[in-house]
Amino acid sequence: MIVEELKKRKLPDLFCIEGKQITTKDEWENKGRPYWKSVIQNEEYGKILPLVQPEISTKINSVNFAGKATWEEVSFKFCYNNKQHTVPTNLIYPKNAENVPFFIYINFRSDIPDRYLPVEEIIDNGFGVFSVCHNDISTDNGDFTNGLAGLFQDGDRKEKDCGKIMYWSYMASRMMDYLQTLPYVDKNRIGVSGHSRLGKTALLTAAFDERFAFSCPNNSGCSGVAISRGCCDKGEKVSDICRTFPYWFSPSYQKYANEVEKLPFDQHCLMALVAPRIVIVGGAEQDVWADNDSQFLSCVAASKAWNLYGKDGFISPDRLPVCGDKFTDGDVGFFLRAGTHYHSREDWNTYMSAIKSKL
Ligand code: GTR
């Protein structure tokens, strides 16, 4: 049945690279992966920005979560094109712990804790968390003169220049650079998460930056996990997102707004770039806008990339998902919880237990 569902979507073949079929892990790494990375940059999120090393400064916050954690406020000062911008972040980790697994979390607010970021639960599960507010990187609107966008583009946006999602993702990779320098961090267990537009960001980040061992895109939907072709009637379409949020993407994405079948990729190609690492996808039953069937089918279609590594990828029954499903046995996971569009503690618990069982 799922095979039939997928056929209806008429997806581009993940393994057909410029007319040639690839069949091995080496071909995937040498041809497939670079090809999809380039197509997805050029046609959707925009070209990756040049690497600028920020100047880092840190300050301890006296709040310590009942003495269980250390909270450091870390500032990243970027200087480029004779301009500078500082991004504040929050680094919180269990006291006296070693080999700490970490979430980099891109949030809508900088509050600690926050309704989407239950810091104490995360610490109690043995994880550290390094969070940033997306607006502090560059504002969530069409203004490309502020924050990091001000440094790199200064309002002048060309066809393949990146949109805000790529900026937010860029910062997540700079936070990853910093985690690499800290002795108590387990460098093999650093992941990234975010909700909704920031779930799209979390998926993109792990897809392009192979240092991320896992990604947990929460309710990411259209132009995130969900495949775009054949989106359900009530789901968000590329035409909707291009009209409402053109600045999340490169200008080049606009040309597909009403011709989704002409996209030279679909979102399963982005998912596949995470292989052979871990991706756990969270959906919510009432979040129809995020089109959960299309998120689920993306997991099925991307799974083939894990198979090249001799891994199962996505393990699920041969049917579309229903509320309460939790398929987290493979390296690609998917769950559909009850309720609305939200990054809930329930989501966090599912992500953390799935990650702990695998890494
Ligand atoms: C919606 C948007 C979605 C989703 C969400 C969010 O309005 O259409 O793609 O990303 O916003 O980020 O909260």
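Only Lys, Arg, Asp and Glu count, each charged at its Cβ (+1, +1, -1, -1), so figure out the dipole size of the chain about its Cα centre, rounded to 20 debye.
Dipole size: approximately 420 debye.
Which one, 273, 122, 76, is farthest towards the positive end of the dipole of the chain when Lys and Arg carry +1 and Asp and Glu -1 on their Cβ?
The residue sitting most towards the positive pole is 273.
Of 208, 296, 245, which has the largest mean-square fluctuation in a 10 Å C-alpha GNM of the chain?
It is 245.
Based on the Cβ-Cβ distance from residue 184 to residue 115, what FRET efficiency comes out when R0 is 25 Å, to the nearest 0.05?
So, using R0 = 25 Å, E works out to roughly 0.35.
Specify the residue with the greatest mean-square fluctuation among 275, 172, 149, computed from a Gaussian network of the chain linking alpha-carbon atoms under 10 Å apart.
Looking only at 275, 172, 149, the largest GNM fluctuation is found for 149.
In a GNM of the chain with a 10 Å cut-off on Cα contacts, which of 228, 169, 110 has the highest mean-square fluctuation?
Ranking 228, 169, 110 by mean-square fluctuation puts 110 first.
Quick one: compute the contact order of segment 140-242, relative version, from alpha carbon pairs under 8 angstrom and 6+ residues apart, as a percent.
After rounding, I find 18 percent.
Lysine pairs, Cα distance under 19 Å, 8 or more residues apart or cross-chain: how many in segment 46-215?
Number of lysine pairs found: 13.
Stokes-Einstein at 20 °C, 1.002 mPa s, Kirkwood radius from Cα pairs: D for the chain in µm² s⁻¹?
105 µm²/s
Which aspartates and glutamates, if any, have their Cα less than 20 Å from the Cα of residue 311, not counting same-chain residues under 8 positions apart?
Within the straight-line limit of under 20 Å, residue 311 reaches these aspartates and glutamates: 13, 26, 27, 29, 210, 329, 331.
Report the full-extension gain for the segment residue 210 to residue 158: residue separation times 0.36 nm, less the Cα-Cα distance, to one decimal in nm.
Extra length available between residue 210 and residue 158 comes to 16.0 nm.
Return one quarter of the surface area of the convex hull spanned by the alpha-carbon atoms of segment 214-359, equal to its mean projected area, in nm².
The directionally averaged projection comes out at 8.6 nm².
Can you give the calculated 222 nm mean residue ellipticity of the chain, where each DSSP H run of n ≥ 4 adds -39,500 (n - 2.57) and the sum is split over every residue, rounded to the nearest 500 deg cm²/dmol?
-8000 deg cm²/dmol
Taking 0.36 nm per residue of separation and subtracting the Cα-Cα distance, what length does fully extending residue 95 through residue 64 add?
10.3 nm
Stick to the Cα atoms of segment 46-215, pair each with every other, and give me the Kirkwood hydrodynamic radius in Å at one decimal.
Result for segment 46-215, one decimal place: 16.1 Å.
For residue 49, what is the net charge nearby, where nearby means another residue's Cβ is under 15 Å from its Cβ and Lys, Arg count +1, Asp, Glu -1?
Here the charged neighbours net out to +3.
Using 0.36 nm times the number of residues separating residue 24 and residue 255, minus their current alpha carbon distance, what extension gain do you get?
Fully extending the segment from residue 24 to residue 255 adds 79.9 nm.
Residue farthest toward the positive end of the dipole of segment 46-215, with Cβ of Lys/Arg at +1 and Asp/Glu at -1: which of 185, 214, 91?
Checking the options against the dipole of segment 46-215, the answer is 214.
So for the chain, averaging the separation of alpha carbon pairs under 8 Å that are six or more residues apart and normalising by length, what relative contact order in percent results?
16 percent
Read-outs throughout are calculated quantities, based only on the coordinates presented, and are distinct from any laboratory measurement. This structure is a prediction, so every number in the text was calculated from the model and none was measured. Here Cβ is always computed from backbone atoms with ideal geometry, including for glycine, and neighbour counts include all displayed protein chains.
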